[in-house]
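Asker: Before anything else, here's the structure in question.
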Amino acid sequence: MPDAVLRAEGLTKRYGGITALEDVSLSLAAGEVLALLGANGAGKSTLVKMLSGNVTPDSGSIAIGGAERHLTSPRVAFEAGVATVHQELSLFGSLTVAQNILIGREALGRLGHIKEETSLRRATALLAEIGVPDIAADARLGTLSLAQRQLVEIAKAISFDPRVLILDEPTSALGLTDVHRLLSVVRGLRAKGRAIIFISHRMEEIETIADSVTILRSGRKVGAFPRQSFTRDRALELMLGETQQQLHAVPPPPPAVQTTPPILQVADLRLDGRLNGVSFDLRPGEVLGLAGLEGQGQKDMLFALFGLFRRGLRGDVIIRGQARRASRPLQAIAAGLAFIPDDRKNMGGFMFLPIAHNIAVTILDRLRRFLFLNARRETAIVAELIQRLAIKCASADAPLGSLSGGNQQKVIAAKWLAFERDIYLFCDPTRGVDAGARETIYATIRDLAAAGKGIILYSTDMVEFPILCSRVLVFRGGKIAGSVSGAEVSEESILALSFQDTGAVAA
Amino acid sequence: MSAATEAQPGRAGPRLSASIKRAALPWLILAVVYALCVIASADFLTWHTIRLQLIQAAFIGLVAIGETLAILIGHIDLSIPWTITLTGMFATNLYAAHPHEWVAFGAAIGIGVAVGLVNMLGVYVLRVNSLIWTLSINLMLQGITLIYTNAAAPTTVVPPAAKFLALGMVGDIPMAAVLWAVCAIIVIGALRFTPFGRAVYALGSNELVALLSGVRLARTYAAVFITSGVMAALVGLLLSGYSSQAYLGMGDDYLLPPVAAVVIGGSRLAGGEGGYGGSIAGAMTVILLEAMLITLNVSQGEREIVFGAILLALAFLFLGRRRR
Amino acid sequence: MRRFRERLGDHIGPLCCAIGVVAVVIVYAVYQPAVLSAFGIASLANASVTLALAGLGQTVVLMTGALDLSIGSEISLVNCFAATFMGGSTTSIVLVVVASLLIGLAVGAINGLVVAYGRVAPLIATFCTSFVYAGISLTLRPQPGGSIPDSFANLLTGNWGLLPFSALLLLLAVLVIWLPVFRSRLGRFILAYGDNPESAFASGIPVRKVGMAAYMLAGLFAAIAGLFLAAETTSGDPSIGNVYTLNSLAAAVLGGVALTGGRGGMLGPILGAILLSIILNVLSIVGISAFWQDFIEGGILMLVLGLAGIRLLRAQSWMTLLGRSQS
């Protein structure tokens, strides 16, 4: 293909022992929309980051317009003709649309003053070019809807006059009407000869817009075909891969006996736009999975239960028959909840403090003897947990930050084993964790379930649901889109529910 | 979220020795400053001079108890100067009218608790930056003191207990130093061996994690700021005892030096790391530095430059960097 | 309607201050009708201009999401410098004025270096430098004193009919410094950086230079304030600027400048400064003794900061609430 605008060959990136992307190649012609598809963690974001200059590949090459380019920074990528619209927008709420689009490239007068009129005209022209003349160039960005901001970000990218435009999940937060609008903007850009990489989780969008589809799984390219030969079943199959190896011999706990009263009942939980009426029960000994694509409300659900939202939460949370909706973590803890977060550095542990302090922080009141901490009991409890969870550390006095990610996660789990609670909320506990630590965390979850605790597990790694959960709720748009239980819990069933049409989402 | 690497057992070794180095550094600085003092004037070798400096250091050191706690939780208390002056004025006047020791000390503790609660209100409840808030409270207290002294003339009647604590001697050792030592043992013990100490470090390391782990934040904030207020008030009383009177501006020298003592003592300005042991060396260092500069006829202005620059250098080197 | 409400939201700070100023002036005039004379207006203007200039400097830094606690010391420093070195001749006056402005830029540049390049937290950094600058003033002028030629003093503090020269000085500062900066890319960058530092970096804005420029501008405004104080008091005083550190903050916040950055204009802090200054002036007129001054200043500060804090308390999640407190 001599007319390829973008040609990437053999892109590979490893982080330590983990391969994020291996030998991925793709090429893109002018006026082509290439859809990139893959489950969470398949390597899409790494690929996007390479093309936008945020990550440099370990090996492989990128050529734009036939010339090889080293995209070492976002700026270089812009200059090479690749503009990216990231999920986190790079805009300023207090500036106007025109000021946002042309920031740093304003038309200047002889005195060095910004010629606002000229900027306004240029911005208006750009907005008209991408087909959204109804967004006023002099409106303040902060007053626009999320969808409109997304379009402004596209206009900003277009203002660099790029040959390649990358749209990273531009529709994930949009309703149906806005999606249609965005898709027609993309069509218009294609008609003007721009090459576009389009990332989305929504199959019907891909069916309407893409000229070709590339599918990634575990960092590898596992399929590439033109739109004509694209089918959803085939895509799902490729995203999942062949039969998963059954690494885990331990069967999931049996579905909770329906006669035991639920330990936790959630009824019509709402949080402005993020949770739109979620109801479910949790029984003792049950491991309930929260699945779905990222950002569909699963995490908000756990945060809400643990009292991380100070206001705006509506609906009922009933624990052991008592209304215990929390607006502070202390209330949630008192109600019998424990929370193991995914963001270890900011929410999980005290990186500079000793392991022992990290574990014992939940039981300070219980360790109190007169005025002092009962050091002997603390040491015993900490030592027991370090052994039970096989935490690899030089001593209990070593700072948490000196441990590997997996062992840090074990310490964070250990603090809620020291202080036993009735309900455990695991928020993506194995993110960035090595295989050994994973097994320990799985075993911990099973032990807790066997001991009659109620467990809610949110994970971005779908492999974990079949091996751990007796029931899985699939979230979409802040609601439960469906649930599977018992033998039906499989990656296929979860993925199928996650990728259903968006009609329901927009409503 | 990057790759998982196995823990390296060897890493704890250097870490441990690093923490020893960190604890030893303030004392090393103190030794160097003391040596410089001796070079500047041989007087610093006499017990008489050392004793005088020790009393001054005790005042800074007592105030630095509260400042250390505030800095350990990631905040700062700049309301100390006028807490000192207000207490000095108010408590001595009250004592002159009602000559019972407990009246003066009760008033001091009352003022300290009140200032601490107001500081906690702004910093914890309203979440105003502690540096700005406590500086505003300092201004407020200055106003209250001025209004009060306008109505009530200062007195030279000082509670004997305050006089004894500031000027008395136990054998050859100043009473102030003994008091300081007792308080220091209590604070170091509290920080090391009590749930409160753990909560302080947890809060200073990462407030969100502390919240998620069930640490009682309000209680910890209150304890820290009330301790700081009470220590400042107590020093206000001692200072009136020391000069046999309370006067306007008696607390003026207590804005920067306590902070400098804590920072020289190795506590991180961003919170969560450090302790009171270093602050003891820091307090002595600050006093000796000041005494040395005075001996060398360095003007007050130049002394301020020196202190500001030292603090800035320490903040730049490793203590006050922005958290990411 | 939406536009209107949006505009109103922008100008609510200046608007409230303007209403406040009118109200306080009415109270003032009732107690002391002479305030509406040429002399009265000039003295009110003179009382407000220093704080207005300091408030403008503070606002520039606030807009980047940082803070300057050394403004008061910068004012004192320039004040002492001018009172010490300004001779009677026109040449020496001009030289000293130029040097003063350069000193303002230089001390601002030091703050900027430490904060933007040294990455020391803004509050700690400027708190430390404030002692350095205060120490320099104290070394220059251990006691209040020095002299300022009458010609210079009259130039800044006199009046022409109802129009006080001090108001002209403020106008000049706005026209020559504020407007050109905020009509240029630099001003745009300052707002953008304060609004969202990550986006600013991603958009290719030279964030460190912008941070540095903001502190230099603050230093420049402080220098003008220091010169004006020199003219007003015809002497140098190493502690004269102290009150302006916190009051400049209060004026800016009263005028609707957000402590979190990215928002603010010049009208708000100016009106806020006028309001604060007149309130403090009125107190003495209505019979409240000067001893109450600090108390009332402190009270206003606590109120203003508390109100700014309450705005933050509306945060929905604990993450944002706790995340923001450590600035």
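Rule-based calculations on the coordinates, nothing more; no lab input. Note that the structure is a prediction, hence the values are computed from the model and not measured. In this analysis, Cβ positions are derived from the backbone assuming ideal geometry, glycine residues included, and neighbour counts consider all displayed protein chains.
Asker: Would you calculate the separation in nanometres between label points at residue A:463 and residue C:314, each defined as 7 Å from the Cα along the Cα-to-beta-carbon direction?
Answerer: For residue A:463 paired with residue C:314, the spin-label model returns 4.7 nm.
Asker: Based on the Cα atoms of the stretch A:4-240, what semi-axes does the equivalent ellipsoid have, where each is the square root of 5 times one gyration tensor eigenvalue, given in whole Å with the largest first?
Answerer: 31, 21, 15
Asker: Determine the distance separating the Cα centre of the stretch C:83-161 from the Cα centre of the stretch B:26-86; give it in Å without decimals.
Answerer: Between the Cα centres of the stretch C:83-161 and the stretch B:26-86 lies a distance of 32 Å.
Asker: Measuring from label point to label point, each 7 Å out along Cα→Cβ, what is the residue C:260 to residue C:288 span in nm?
Answerer: 3.2
Asker: First obtain the Kirkwood hydrodynamic radius of chain B from its Cα pairs, then insert it into the Stokes-Einstein equation at 4 °C and 1.567 mPa s, and state the resulting D in µm² per second as a whole number.
Answerer: The Stokes-Einstein estimate is 63 µm²/s.
Asker: For the pair residue A:311 and residue A:496, what calculated FRET efficiency results from E = 1/(1 + (r/R0)^6), where r is the Cβ-Cβ distance and R0 = 60 Å, to the nearest 0.05?
Answerer: 0.95
Asker: Calculate, for residue B:49 and residue C:89, the FRET efficiency according to 1/(1 + (r/R0)^6) with r their C-beta to C-beta distance and R0 51 Å; round to the nearest 0.05.
Answerer: Computed FRET efficiency for residue B:49 and residue C:89 comes out at 0.50.
Asker: In degrees, nearest 10, range 0 to 90: what is the angle between the Cα axis of helix A:176-191 and the longest Cα principal axis of chain A?
Answerer: That helix lies at roughly 40 degrees to the long axis.
Asker: Can you put B:276, C:28 in order of Cβ neighbours within 10 angstrom, beginning with the fewest?
Answerer: Working: B:276 28, C:28 21.
Ascending number of Cβ neighbours within 10 Å: C:28, B:276.
Asker: Using 0.36 nm times the number of residues separating residue A:365 and residue A:267, minus their current alpha carbon distance, what extension gain do you get? Could the numbers behind the result be given before it?
Answerer: Numbers: separation 98, 0.36 × 98 = 35.28 nm, distance 3.29 nm.
Computed gain between residue A:365 and residue A:267 is 32.0 nm.
Asker: Still on this structure, please answer the following. Determine the relative contact order of chain A: mean sequence separation of Cα pairs under 8 Å and six or more apart, normalised by residue count, in whole percent.
Answerer: Reported as a whole number, the value is 15 percent.
Asker: Gain in length, residue A:229 to residue A:420, computed as 0.36 nm per residue apart minus the alpha-carbon separation, to one decimal in nm? Write down the numbers at each step before the final one.
Answerer: Numbers: separation 191, 0.36 × 191 = 68.76 nm, distance 5.39 nm.
Net length gain for the segment: 63.4 nm.
Asker: I need A:86, B:75 ordered by Cβ neighbour count within 10 Å, fewest first.
Answerer: Exposure proxy ranking, most exposed first: A:86, B:75.
Asker: Okay, moving on. Convex hull volume of the Cα atoms in the stretch A:351-420, per residue, in Å³?
Answerer: In the stretch A:351-420, the Cα convex hull volume per residue is 74 Å³.
Asker: Using a/c under 1.5 as the rounded threshold, could you call the stretch A:318-386 rounded, prolate or oblate? The axes a ≥ b ≥ c are square roots of the C-alpha gyration tensor eigenvalues, and prolate needs a/b larger than b/c, oblate otherwise.
Answerer: Since a/c reaches 1.5 but b/c is at least a/b, the shape of the stretch A:318-386 is classed as oblate.
Asker: Right, another one. From zero outward in steps of 5 Å, how is the percent of C-alpha pairs of the stretch A:57-136 spread across the bins?
Answerer: 3, 12, 16, 19, 17, 14, 10, 7, 2, 0
Asker: Using the Cα gyration tensor of chain C, with a ≥ b ≥ c the square roots of its eigenvalues, what is the shape: rounded (a/c below 1.5), prolate (a/b larger than b/c) or oblate (neither)?
Answerer: oblate
Asker: Helix by helix, which DSSP H runs in chain C go 30 Å or more along their axis at the Cα atoms and have an average Kyte-Doolittle hydropathy of -1.0 or more? Can you show the working numbers first?
Answerer: On the way: long enough: C:2-31 (42 Å, 0.86); C:38-63 (35 Å, 1.55); C:90-112 (33 Å, 2.06); C:207-233 (39 Å, 1.36).
The qualifying helices are C:2-31, C:38-63, C:90-112, C:207-233.
Asker: Here is a follow-up. Under DSSP H, which helices of chain B have Cα atoms covering 20 Å or more of the helix axis and a Kyte-Doolittle average no less than -0.5? Numbers along the way, then the final one.
Answerer: Values: long enough: B:12-40 (42 Å, 1.38); B:47-72 (34 Å, 1.32); B:80-97 (25 Å, 0.90); B:101-120 (29 Å, 1.60); B:130-151 (31 Å, 1.09); B:175-193 (27 Å, 2.32); B:217-243 (39 Å, 1.40); B:276-295 (28 Å, 1.51); B:300-314 (21 Å, 1.01).
Span-like helices in chain B: B:12-40, B:47-72, B:80-97, B:101-120, B:130-151, B:175-193, B:217-243, B:276-295, B:300-314.
Asker: As I understand it, the value is the acute angle between the Cα axis of helix A:375-388 and the longest principal axis of the Cα atoms of chain A; what does it come to in degrees, rounded to 10?
Answerer: 60
Asker: May I pose another question? Size of the protein assembly as shown along its principal axes in angstrom, Cα-based, largest extent first?
Answerer: 93, 75, 57
Asker: With N set to the residue count of the stretch C:173-244, report its C-alpha Rg divided by 2.2 N^0.38 Å to two decimal places.
Answerer: Numbers: Rg = 15.8 Å, N = 72, 2.2 N^0.38 = 11.2 Å.
After normalising by residue count via 2.2 N^0.38 Å, the value is 1.41.
Asker: Continuing with the same structure: Binned at 5 Å from 0, what are the whole-percent values of the Cα-Cα distance distribution for the stretch C:5-147, short to long?
Answerer: Percent of pairs per bin, in order: 2, 8, 12, 15, 14, 13, 13, 13, 6, 2, 0.
Asker: List the residues whose amide H sits under 5 Å from the amide H of residue A:479, counting only those 5 or more places along or on another chain, with H placed 1.01 Å from N in the peptide plane.
Answerer: The answer is A:276.
Asker: So, one more: Do you know the relative contact order of chain B, to the nearest whole percent, from alpha carbon pairs under 8 angstrom that are 6+ apart?
Answerer: Taking the mean separation of contacting Cα pairs over the length of chain B, I get 32 percent.
Asker: I've got another one for you. For the stretch B:33-133, taking Cα atoms only, what is the radius of gyration to one decimal and the Dmax to the nearest whole Å?
Answerer: Using the Cα atoms of the stretch B:33-133, the pair Rg, Dmax is 18.1, 52 Å.
Asker: I would also like to ask the following. Can you give the % of DSSP beta bridges in the protein assembly as shown that are antiparallel, to the nearest 5?
Answerer: 60
Asker: Same structure, new question: Tell me the label-point distance for the pair residue C:106, residue A:451, using the 7 Å Cα-to-Cβ offset, in nm and rounded to one decimal.
Answerer: 6.8
Asker: Here's another thing I want to ask about it. Given q = 0.10, 0.11, 0.13 Å⁻¹, what are the Debye log10 I(q)/I(0) values for chain A, with equal point scatterers placed on the Cα positions and solvent ignored?
Answerer: Rounded to two decimals, the profile gives -0.89, -1.04, -1.30.
Asker: Please tell me the relative contact order of the stretch C:42-273 in percent, rounded to the nearest whole number, where contacts are Cα pairs under 8 Å and at least six residues apart.
Answerer: It comes to 45 percent, rounded to a whole number.
Asker: Taking R0 as 22 Å, what's the FRET efficiency between residue B:41 and residue B:317 from their Cβ-Cβ distance, rounded to 0.05? The partial results should precede the final answer.
Answerer: On the way: r = 29 Å, r/R0 = 1.34.
Given R0 = 22 Å and the Cβ-Cβ separation, E is 0.15.
Asker: According to the square roots a ≥ b ≥ c of the eigenvalues of the Cα gyration tensor, what is the shape class of the stretch B:136-259, taking rounded for a/c under 1.5, prolate for a/b larger than b/c otherwise, and oblate for the remainder?
Answerer: Taking the square roots of the gyration eigenvalues as a ≥ b ≥ c, the stretch B:136-259 is oblate.
Asker: Based on DSSP, what percent of beta bridges with both residues in the stretch A:4-240 are antiparallel, to the nearest 5? Intermediate results must be reported in sequence, preceding the final value.
Answerer: Working: 23 of 40 bridges.
Given both bridge residues lie in the stretch A:4-240, the antiparallel proportion sits at roughly 60 percent.
Asker: OK, next. Let me know the Kirkwood hydrodynamic radius for the stretch B:49-203, please, with Cα pairs as the basis and the value in Å to one decimal.
Answerer: When all Cα pairs of the stretch B:49-203 are included, the Kirkwood radius is 17.1 Å.
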